[in-house]
């Protein structure tokens with residue numbers, strides 16, 4: 001038992017070191033592949049992606065995802081406590097309709113380092129990785145990573161692949177309305193489609209555009225859209 005415990009401690013130590021090195025690796029270099037992307041390949045949905053730098057992304061798509069997914073992104077430390085409390089209250093009353101409260105940082109932690117799902121183990125690891133990237137990376141790097149790895153259509157990962165697939169253009173040339181459509185699909189891009197335009201996206205993207213207008217001029221938001 002003592003020998004087995006010693007082996008387990010060594011394995012745990014090496015796993016801790018390796019994950020820490022990988023977090024630092026991803027501070028500068030995009031992940032070769034993620035578990036979600038691997039699952040997309042294995043399930044037959046394919047893998048269409050083309051990593052681009054932050055400067056090659058339109059300010060419109062940066063603004064659109066913050067307006068849609070996480071308006072407090074420049075200010076929080078990775079977690080939106082008020083949104084989490086609201087989601088918990090809602091989910092207690094609506095057992096069959098679960099509402100999430102994940103920030104962009106939490107979604108990056110899940111998409112880059114973990115797998116999809118709602119188990120307690122995965123959520124616990126998501127908290128850890130969210131804390132780590134908020135400490136080790138900049139907000140711009142977190143947003144850049146989000147826009148490169150988020151699934152934006154069936155088998156389509158990242159804003160460059162989405163811009164090419166839906167609008168036949170580069171990510172740096174996305175208009176406000178096009179960016180808002182992509183952002184509208186993010187909660188469930190396999191169902192809420194940009195091409196063909198689903199009813200949900202058609203209803204949702206004008207509201208995102210209004211939120212984008214409201215956020216224009218916010219100092220923290222503007223710093224991240226440059």
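The values are calculated or read from the model by the stated rules, or taken from the named source; none is laboratory data. Only a predicted model underlies this, so the values are computations on that prediction, with no experimental measurement involved. A quick note on method: Cβ atoms are made from the backbone with ideal geometry, for glycine too, and the neighbour counts reach across all protein chains shown.
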Open item on the list: Between a residue in the stretch 205-226 that is in contact (Cβ under 8 Å) with a residue 12 or more places away in the chain and any residue that is exposed (fewer than 13 other Cβ atoms within 10 Å of the Cβ), which pairs come within a Cβ distance under 6 Å, given they are 6 or more apart or on different chains?
Closed with: none
TODO: Answer yes if at least one residue in the stretch 28-35 is part of a helix (DSSP H, G or I), touching a helix residue (DSSP H, G or I) at 6+ places or on another chain (Cβ under 9 Å) and under 22 Å from residue 189 (Cβ atoms), and no otherwise.
DONE: yes
- [ ] Would you be able to say whether some residue in the stretch 180-197 is within 18 Å of residue 60 (Cα to Cα), without any contact (Cβ under 8 Å) to a residue 40 or more places away in the chain and either surrounded by 17 or more Cβ atoms within 10 Å (Cβ to Cβ) or in contact with a helix residue (DSSP H, G or I) (Cβ under 9 Å, 6 or more places away or on another chain) (or both)?
- [x] yes
Task: Members of the stretch 165-179 found to be closer than 26 Å to residue 41 by Cβ, in a helix (DSSP H, G or I) and out of contact with any strand residue (DSSP E or B) (no Cβ under 8 Å at 6 or more places or on another chain), listed by number - done: 167, 171
Open item on the list: Which residue is modelled with the highest pLDDT, if the candidates are limited to the stretch 54-87 and must be more than 24 Å from residue 210 (Cα to Cα) and either surrounded by fewer than 12 Cβ atoms within 10 Å (Cβ to Cβ) or touching a strand residue (DSSP E or B) at 6+ places or on another chain (Cβ under 6 Å) (or both)?
Closed with: 55
Open item on the list: Among the residues in the stretch 153-169, are any loosely packed, with under 15 Cβ neighbours inside 10 Å, farther than 30 Å from residue 23 by Cβ and modelled with pLDDT of 95 or more?
Closed with: yes
- [ ] For the stretch 36-65, name all the residues that are closer than 21 Å to residue 116 by Cα and part of a helix (DSSP H, G or I).
- [x] 36, 37, 38, 39, 40, 41, 42, 65
